[in-house]
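Student: Below is the structure I would like to discuss, written out as structure tokens.
Please treat every number below as a calculation from the coordinates, not as lab data. Being a predicted model, the structure only gives us computed values, none of them experimental. Here Cβ is always computed from backbone atoms with ideal geometry, including for glycine, and neighbour counts include all displayed protein chains.
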Amino acid sequence: MFLPPEEQLELIKFATVDFISDGDFLKKLKKSFEKKMPLNIKFVGDRNRAVIHIGHRVVINKLKTLQDLGHHIQFLIGDFTALIGDPSGRNSTRPILTREEIEENAKTYATQIFKILDPEKTEIVYNSNWLLKLTSIDFIRLSAKYTVARMLERDDFTKRYKSNIPISIHEFMYPLCQGYDSVALQSDLELGGTDQKFNLLVGRDLQSSYGFEPQCILTMPILEGLDGVHKMSKSLDNYISVNESPTEMFGKTMRISDELMFRYYELLTSMTPTQLLSLKQDVEEKRKHPREVKVHLAKTLVARFHSQSAAQNAEDEFNRIFVEKGMPDNIEEYKIAAQLQIGLVQLMTQSGLTSSNGEATRLILGGGVQLNQQKIADPKLKIDLAVGDHFIIKAGKKKFIKIVVT
């Protein structure tokens, strides 16, 4: 059952960056509503990525909204372009993958996105199905539909050109191939991150040049990581993986700031604009405590990727460790490589918990140090560090550090 077009458009536009254009898309929605025919929604999955974090969920969450509204999701794997390599946002080219690597990454990626999307209502398509059928003449004719000047409007290409960094001809073919995907799929709307806007526009232009009604494009914002400053990234270690345990996922969510949690609600949940505004007002007017709202967010995320029971167990475990034992919700983490033994005094100083070994020793002798809620009396204590271990050290009344062994 489709909602009226105007109501659909309001839900689809919520928490987006670019929408080109909402007027054109409203016309598509009205036609879809009248004919009771779903629209084709295109999204290009990253066949280079084997593991995704919840920052990638921002776009996928919008796909879920469109899917719930009754539209047809076309989840495209760019296996053709993966075989020849394509441009990245890092001013270089991505590595050329083997067929086996592409298939394995696609399988892993699909497993993770189906924690959000309904696999029965999602069509996975591979662009090799039509791009491999194009002849050399077809590719030359395709390249004739775009100029070098237009290609250099892409931000990455512009920077590389001005910096005299080489740009291979095949890199120009990637946005053309991705644009041709929209022609082959006859997509009505294509979604992507803000860094994909150029490629999405190429698809819109190529559809027009081939005589089709151009797709609309929608870009989603980049989600900030746990630090609230930089984008969520594995390399910056400020991310939450969709494959993390319920306990880790819950605990990491509880570390974000009160301000950032509303951003997460906006981009990662199915909350409507009206509901989000009401929630913010409840916190501002002290009808709800920020911690209560953050706990609900953490449980929502855990339930989405695991289960309701797992979410409840994660909350119980969090309360047992942090609430009942009087620990703060936000404990700084210190990562250390696995090793046979390290002195507790050395670890406290190395992690920044104390300013010197002398201070650490005095605290221990004075009974002011706890390891996982157990008071430590021996300043000569040695600890074995195995990969995957994690424990909490308390120094004095208010200083905590979480040690994570990698």
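Student: What percent antiparallel are the DSSP beta bridges of segment 333-405, to the nearest 5?
Tutor: In segment 333-405, DSSP labels about 80 percent of beta bridges as antiparallel.
Student: Put +1 on the Cβ of each Lys and Arg and -1 on the Cβ of each Asp and Glu in the chain; which of Gln74, Met37, Tyr174 then has its Cα farthest toward the positive end of the dipole?
Tutor: Of Gln74, Met37, Tyr174, it is Tyr174.
Student: Would you mind calculating the gained length between Gln281 and Leu365 on full extension (0.36 nm times residue separation, minus the Cα-Cα distance), in nm to one decimal?
Tutor: Length gained, Gln281 through Leu365: 25.4 nm.
Student: Taking the dipole about the Cα centre of the chain, with the C-beta of Lys and Arg at +1 and of Asp and Glu at -1, give me whichever of Gly366, Gly55, Ala184 is farthest to the positive side.
Tutor: Gly366
Student: Is there a pair in Lys375/Lys402; Lys28/Lys145; Lys299/Lys399; Lys159/Lys197; Lys62/Lys234; Lys107/Lys234 whose C-alpha atoms are over 18 Å apart, and which pairs would that be?
Tutor: Lys28/Lys145; Lys299/Lys399; Lys62/Lys234; Lys107/Lys234
Student: Looking at (i) -0.80; (ii) -0.72; (iii) -0.64, which value of log10 I(q)/I(0) by the Debye sum over Cα atoms at q = 0.10 Å⁻¹ comes from a calculation on the structure shown?
Tutor: Only one option fits the structure, namely (i).
Student: Using the per-residue mean of other Cβ atoms lying within 10 Å as a proxy for protection, in what order, highest first, do the peptides 175-184, 277-286, 354-363, 290-299 fall?
Tutor: 175-184, 290-299, 354-363, 277-286
Student: To continue, here is another question. About the Cα centre of the chain, what is the dipole size in debye to 20, counting +1 per Lys and Arg Cβ and -1 per Asp and Glu Cβ, all else neutral?
Tutor: About 620 debye.
Student: Additional query: Would you please give the FRET efficiency between Arg150 and Thr247, computed as 1/(1 + (r/R0)^6) with r the Cβ-Cβ distance and R0 = 51 Å, to the nearest 0.05?
Tutor: On the way: r = 50 Å, r/R0 = 0.98.
Efficiency, rounded to the nearest 0.05: 0.55.
Student: If you don't mind, there's one more thing I want to ask. For the chain, what proportion of DSSP beta bridges, expressed in % and rounded to the nearest 5, is antiparallel? Provide the component values of the computation, followed by the final result.
Tutor: Working: 20 of 43 bridges.
Roughly 45 percent of the beta bridges in the chain run antiparallel, per DSSP.
Student: Could I have the simple spin-label model distance between Glu332 and Ile124, label points 7 Å from Cα toward Cβ, reported in nm to one decimal?
Tutor: Those two pseudo-labels are separated by 4.3 nm.
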